[in-house]
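The structure appears below as structure tokens.
The values are calculated or read from the model by the stated rules, or taken from the named source; none is laboratory data. It should be emphasised that the depicted structure is a prediction, and the values quoted were computed from it without experimental measurement. Here Cβ is always computed from backbone atoms with ideal geometry, including for glycine, and neighbour counts include all displayed protein chains.
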Amino acid sequence: MSWAGPDDIFLSTSLATYLDKKLLVLLRDGRKLLGLLRSFDQFANVILEGACERVIVGDLYCDIPLGLYVIRGENVVLIGELDLEKEELPSRMNPVSEAEIKRLWKNCKLQK
């Protein structure tokens, strides 16, 4: 069992400034999650409330609702606060249904 040293504690306590704010969390597998940060621990495990996964294919996107979501800290690549004053996406982006984005994403992966 490893002990969380001072450097680890500093990293996780800096997340305190993001509590109750809307965040974008980028995971190691490339997924992008959005939600309100409700809790975290010394290992950077985080809990998002009202979380959704944003899937983008070309100029199309879909926010797939996940609800309350626990993310293990070792899977987090980036955490950033979203600016609520600005639009989240460029105007060229168009929303589509969950079924449509999954179909497009699957076709895109098959072509690679």
Boolean, Leu48 is part of a strand (DSSP E or B), modelled with pLDDT of 95 or more, crowded, with 16+ Cβ neighbours inside 10 Å and among the hydrophobic types (A, V, I, L, M, F, W, C): yes
Confirm whether Arg54 is outside any helix (DSSP H, G or I), surrounded by 14 or more Cβ atoms within 10 Å (Cβ to Cβ) and either more than 17 Å from the chain's Cα centre (by Cα) or of a type in the set (Lys, Arg) (or both). yes
Does the stretch 16-26 hold any residues that are in a strand (DSSP E or B) and either hydroxyl-bearing (Ser, Thr, Tyr) or buried (at least 16 other Cβ atoms within 10 Å of the Cβ) (or both), and which are they? Lys22, Leu23, Val25
Could you tell me whether any residue of the stretch 71-80 is over 21 Å from Asp29 (Cβ atoms) and either among the polar types (S, T, N, Q) or touching a Ser or Thr at 6+ places or on another chain (Cβ under 7 Å) (or both)? no
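Counting only residues that are in contact (Cβ under 8 Å) with a residue 40 or more places away in the chain and more than 17 Å from Arg28 (Cα to Cα), how many does the stretch 47-61 have?
Qualifying residue count for the region: 4.
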Given the condition surrounded by 17 or more Cβ atoms within 10 Å (Cβ to Cβ) and among the acidic types (Asp, Glu), answer yes or no: does some residue in the stretch 28-41 qualify? no
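Has the stretch 86-104 got at least one residue that is of a type in the set (Gly, Ala, Ser) and within 18 Å of the chain's Cα centre (by Cα)?
No, every residue in the stretch 86-104 fails to be of a type in the set (Gly, Ala, Ser) and within 18 Å of the chain's Cα centre (by Cα).
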Residues satisfying the stated conditions in the stretch 70-86, i.e. assigned to a strand (DSSP E or B) and either charged (D, E, K, R) or without any contact (Cβ under 8 Å) to a residue 60 or more places away in the chain (or both): Val70, Ile71, Val76, Val77, Leu78, Gly80, Glu81
Residue check, Gly67 against (1) part of a loop (DSSP other than H, G, I, E, B); (2) of a type outside the set (S, T, N, Q); (3) on the phi > 0 side of the Ramachandran plot, all met but one. Which one? (1)
